[in-house]
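A quick write-up on the structure given underneath.
The values are calculated or read from the model by the stated rules, or taken from the named source; none is laboratory data. Computed from a predicted structure; not experimentally measured. Because the Cβ atoms are built from the backbone with ideal geometry, glycine has one as well, and the counts that use them run over all protein chains shown.
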């Protein structure tokens, strides 16, 4: 007799959200840090750089969105303890927020950085932080649904 497995048989439902959050936070964090550096180096081309950033973010978030769908499909069968998933998602989120700030603040505080460049760097950093936090917020909702 042949056994047929579903996606939920291989992973607890909450870990789809964990995997989606980790992929999204590190992918978006890396991309935002590179964008901040590029804007600092080539401020005149910042609109094109930011446009590319948003296109790449859409591409990076495709896999986490699929994982979120699988997570919601398997959430009712979730029996996992939430402590470890919460620690993993919180650590990846905080690490990427700190990395974004550690990239933008030194560049913005250089002596010959103009006010316009500082504003562009801080705006990009705050947009990046909001994007980094999007999947952990979805993870939080999933944790509430499992209670």
- Query: Any idea which of (1) surrounded by fewer than 19 Cβ atoms within 10 Å (Cβ to Cβ); (2) within 16 Å of the chain's Cα centre (by Cα); (3) in contact (Cβ under 8 Å) with a residue 40 or more places away in the chain is the one residue 72 doesn't satisfy?
  - Reply: (2)
- Kindly list the number of the only condition in (1) over 23 Å from residue 122 (Cβ atoms); (2) surrounded by 14 or more Cβ atoms within 10 Å (Cβ to Cβ); (3) under 18 Å from the mean Cα position of the chain (by Cα) that fails for residue 80. (3)
- Message: Tell me yes or no: at least one residue of the stretch 101-109 is without any contact (Cβ under 8 Å) to a residue 40 or more places away in the chain, surrounded by fewer than 13 Cβ atoms within 10 Å (Cβ to Cβ) and outside any helix (DSSP H, G or I).
- Response: yes
- Query: Do the conditions hold for residue 95, that is, is it modelled with pLDDT under 95, in a helix (DSSP H, G or I) and out of contact with any strand residue (DSSP E or B) (no Cβ under 9 Å at 6 or more places or on another chain)?
  - Reply: no
- Message: Return the residues of the stretch 53-64 that are surrounded by 14 or more Cβ atoms within 10 Å (Cβ to Cβ) and either within 17 Å of residue 130 (Cβ to Cβ) or free of Cβ contacts under 8 Å to residues at least 40 places away in the same chain (or both); say none if nothing qualifies.
- Response: 53, 56, 57, 60, 61, 64
- Note on the structure: How many residues of the stretch 38-51 are over 17 Å from residue 129 (Cα atoms) and surrounded by 11 or more Cβ atoms within 10 Å (Cβ to Cβ)? The answer is 8
- Would you point out which residue out of 125, 142 is part of a helix (DSSP H, G or I), surrounded by 13 or more Cβ atoms within 10 Å (Cβ to Cβ) and at pLDDT below 95? 142
- Message: Return the pair list, or none, for Cβ contacts closer than 7 Å from residues in the stretch 23-41 that are farther than 14 Å from residue 105 by Cβ to residues that are not in a helix (DSSP H, G or I), at least 6 apart or on different chains.
- Response: 24/61
- Task: Confirm whether residue 20 is at pLDDT 95 or above and buried (at least 20 other Cβ atoms within 10 Å of the Cβ).
- Result: yes
